[in-house]
């Protein structure tokens, strides 16, 4: 089999698989992304997929890729919804005043207070915070996570009393 014929088969299967995924409820962009990832996997393989097995392999790989992306997207959406519930009312807290949230934040360490205020009130990105504080991006994310967790625990303790 010539290389041009193999490429032609791969291209025609890609169109076919994209249509299949769309017919099963996928969005066009998601279907195209799954098929494109399959192309990348073909190129990264150290082995040659026989032409008679190529179509089935591409279908199986594209469908699995799509399902993995779908699950990851659903999981991410769920996490974002949970975070929104956990921090409800937090972003509207006044800078000064007698609100309960302001009092709870004052109980945090100064570094945690600064991070939360910069991120939620000044709308600074984690990247800009990392540059400003001269720490790594992952350190900023971890510190924000820990500060939110500590604040959430304080809120739960307050609700119990």
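If the Cβ limit is 8 Å and pairs must be 6+ apart or interchain, which residue in segment 45-71 that is assigned by TED's automatic domain parsing to the domain that holds residue 12 and closer than 16 Å to residue 35 by Cβ pairs with which residue that is modelled with pLDDT of 90 or more and in a loop (DSSP other than H, G, I, E, B)? If the second residue must be modelled with pLDDT of 90 or more and in a loop (DSSP other than H, G, I, E, B), no pairs are left. Taken over segment 133-157, the criterion of being loosely packed, with under 12 Cβ neighbours inside 10 Å and at negative phi is satisfied by 136, 138, 145, 149, 153, 156, 157. Within segment 64-86, at least one residue is closer than 30 Å to residue 120 by Cα, touching a helix residue (DSSP H, G or I) at 6+ places or on another chain (Cβ under 7 Å) and exposed (fewer than 15 other Cβ atoms within 10 Å of the Cβ). The sole residue among 101, 93 that is modelled with pLDDT under 85, touching a helix residue (DSSP H, G or I) at 6+ places or on another chain (Cβ under 6 Å), under 20 Å from residue 149 (Cβ atoms) and buried (at least 16 other Cβ atoms within 10 Å of the Cβ) is 93.
No other residue among 43, 54 is touching a helix residue (DSSP H, G or I) at 6+ places or on another chain (Cβ under 8 Å) and part of a helix (DSSP H, G or I) apart from 54.
Looking only at segment 113-121, decide whether some residue is more than 30 Å from residue 35 (Cα to Cα) and modelled with pLDDT under 85. Please lay out each step first, then the result.
Applying the first criterion (more than 30 Å from residue 35 (Cα to Cα)) to segment 113-121 yields 113-121.
Okay, now just the ones that are also modelled with pLDDT under 85, so 120-121.
Within segment 113-121 (the criterion being more than 30 Å from residue 35 (Cα to Cα) and modelled with pLDDT under 85), the answer is yes, since at least one residue qualifies.
Scanning segment 134-145 for residues that are in contact with a helix residue (DSSP H, G or I) (Cβ under 9 Å, 6 or more places away or on another chain), without any contact (Cβ under 8 Å) to a residue 12 or more places away in the chain and part of a helix (DSSP H, G or I) yields 137, 138, 139.
Selection of segment 1-32 for residues being under 21 Å from residue 73 (Cα atoms), in a loop (DSSP other than H, G, I, E, B) and in contact with a helix residue (DSSP H, G or I) (Cβ under 7 Å, 6 or more places away or on another chain) yields only 26.
The values are calculated or read from the model by the stated rules, or taken from the named source; none is laboratory data. Bear in mind that the values here come from a model prediction, so they are computed numbers and not experimental data. Heads up, the Cβs are rebuilt from the backbone with ideal geometry, glycines too, and the neighbour counts pull from every protein chain shown.
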